[in-house]
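A short worksheet on the structure shown next.
The values are calculated or read from the model by the stated rules, or taken from the named source; none is laboratory data. None of the values given here were measured: they were computed from a predicted structure. Here Cβ is always computed from backbone atoms with ideal geometry, including for glycine, and neighbour counts include all displayed protein chains.
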C-alpha cells in the first residue's frame with residue numbers, strides 16, 4: 001500500500017475541549033507510528049470563544065479548510081453563558097452536521113469496567129451497543145427559526161423525510177451486519193404521524209436485510225429496557241432528539257459521557273468527538289476524562305480508508321480497554337484520582353506494550 005499522510009482538522013473548541021483533544025492527538029500519533037500511518041494535524045479556533053472574539057463561532061475559512069481535510073476531530077463547543085440573540089447556545093458542531101450532510105450520529109456504548117456502571121451484576125463487556133441517531137432533521141429541523149420578541153407561542157417541527165430515513169436505516173443495518181446482526185428501531189409511532197412514517201420506511205428497509213433481526217420499541221419503553229436489560233441491545237436507530245437523549249442515558253450505564261465517543265458520519269465527510277460538552281466547571285483543572293476523545297480517535301482511524309489506520313484503531317481500543325480496567329488510571333468522574341494527562345499516559349503505555 002502506498003504511503004499516505006492523512007490530513008486531520010483539529011477543532012479543540014471550548015472548556016475542556018483543548019485538554020482532551022491534546023491527549024487524543026498524542027494517542028493518534030503514537031498509534032500511527034506503531035502501524036505506519038502518517039497524520040498532518042491542522043488546528044483551528046472555533047466555538048464560543050471564537051464567537052466572542054469575532055462574532056462567528058466558525059469562520060468560513062475554518063469551515064472550508066476543515067471540510068477539505070480527510071477527517072475532523074472536535075473537542076467540545078459552546079459555553080452556557082454564550083448565547084445567540086434567540087436565547088440558544090452557539091452550536092457550530094450542528095452546523096457542521098448540516099453543511100457536510102453528516103446524517104448518521106454513531107454513538108458506541110461499551111462497559112470497560114464493572115465498577116463504572118450503576119447497574120448491579122454487570123461485568124466488563126456485558127453492555128455493548130451502538131446508538132445511530134439521525135442527525136439532519138427530526139425535532140432539530142427548525143432550530144434556526146427566528147422568534148419574534150414578545151412571542152406568545154413558539155413551535156418546533158418534527159421533520160421526517162423518506163430520503164433521510166432510508167440512508168439512516170441503511171447505515172444502521174450495515175453496521176449491524178458487522179456486529180451481532182440485530183437492529184432496534186426507537187420511535188413514538190403510536191402517537192406521532194411523523195414517527196409512524198419513520199417506522200414504515202424502517203419496515204421497508206428491513207425487508208432488504210433479511211439476515212438482520214429487528215425489533216421496534218416506543219421511546220418510553222426503550223428508555224426503561226435500556227436500564228433493565230441493556231445487554232439485549234446491539235444497534236439502536238432513532239430520530240434526532242430521541243437519539244440525543246438516549247445517548248446520555250446509555251452513557252450513564254457505562255460510566256458517563258467521559259467514556260462515550262461519537263462520530264457524525266456522511267458519505268464523504270465525518271466529524272469525531274466525545275459525547276460530552278465543554279464542562280466549564282472543570283476546565284483548566286486537569287481532571288477531565290480524555291477516554292471518550294481517545295475512543296473517538298479510534299472511530300476516526302477505523303473510518304479512514306486505509307488498512308493501517310484500521311489496525312491502529314483496534315490497537316487504540318485495546319489500549320483503552322486495558323487502561324480503564326486499571327482503577328489507578330481512573331479520572332475523578334470514574335471514582336479515581338488520575339489527571340487528564342495521566343489517563344492519556346496510561347493509554348500510551350498500553351499501546352507501547354502492544355508492540
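Listing for the model above:
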| read-out | value |
| --- | --- |
| Subset of segment 74-99 [more than 16 Å from the chain's Cα centre (by Cα), in a loop (DSSP other than H, G, I, E, B) and surrounded by fewer than 23 Cβ atoms within 10 Å (Cβ to Cβ)] | 79, 80, 81, 82, 84, 85, 86, 87, 88 |
| Matching helices (runs of 4 or more DSSP H) fully within segment 144-263 where at least 1 residues are under 24 Å from residue 302 (Cα atoms) | 162-177, 240-254 |
| One residue from 137, 64 being in contact with a helix residue (DSSP H, G or I) (Cβ under 8 Å, 6 or more places away or on another chain) and either without any contact (Cβ under 8 Å) to a residue 24 or more places away in the chain or over 24 Å from residue 9 (Cβ atoms) (or both) | 137 |
| Some residue of segment 317-324 being surrounded by fewer than 21 Cβ atoms within 10 Å (Cβ to Cβ), in the same structural domain as residue 300 (by TED's automatic domain parsing) and at positive phi | no |
| Subset of segment 52-73 (residues that are in a helix (DSSP H, G or I), crowded, with 17+ Cβ neighbours inside 10 Å and out of contact with any strand residue (DSSP E or B) (no Cβ under 7 Å at 6 or more places or on another chain)) | 62, 63 |
| Residue in segment 140-156 that is at pLDDT below 95 and crowded, with 20+ Cβ neighbours inside 10 Å present | yes |
| The lone exception for residue 94 - which of (1) touching a strand residue (DSSP E or B) at 6+ places or on another chain (Cβ under 9 Å); (2) modelled with pLDDT under 95 it fails | (1) |
| Some residue of segment 236-254 being surrounded by fewer than 20 Cβ atoms within 10 Å (Cβ to Cβ), in contact (Cβ under 8 Å) with a residue 40 or more places away in the chain and touching a helix residue (DSSP H, G or I) at 6+ places or on another chain (Cβ under 8 Å) | no |
| Among residues of segment 266-308, those that are surrounded by fewer than 24 Cβ atoms within 10 Å (Cβ to Cβ), over 19 Å from residue 341 (Cα atoms), in contact with a helix residue (DSSP H, G or I) (Cβ under 7 Å, 6 or more places away or on another chain) and in contact (Cβ under 8 Å) with a residue 60 or more places away in the chain, counted | 3 |
| Residue satisfying condition, being at pLDDT below 95 and either under 26 Å from residue 96 (Cβ atoms) or not in a helix (DSSP H, G or I) (or both), within set 355, 310 | 355 |
| Some residue of segment 106-129 being loosely packed, with under 13 Cβ neighbours inside 10 Å and in contact (Cβ under 8 Å) with a residue 24 or more places away in the chain | yes |
| Odd one out for residue 108, checked against (1) touching a strand residue (DSSP E or B) at 6+ places or on another chain (Cβ under 9 Å); (2) outside any loop (DSSP other than H, G, I, E, B); (3) over 20 Å from residue 255 (Cα atoms) | (3) |
| Residue 201 modelled with pLDDT of 95 or more and crowded, with 18+ Cβ neighbours inside 10 Å | yes |
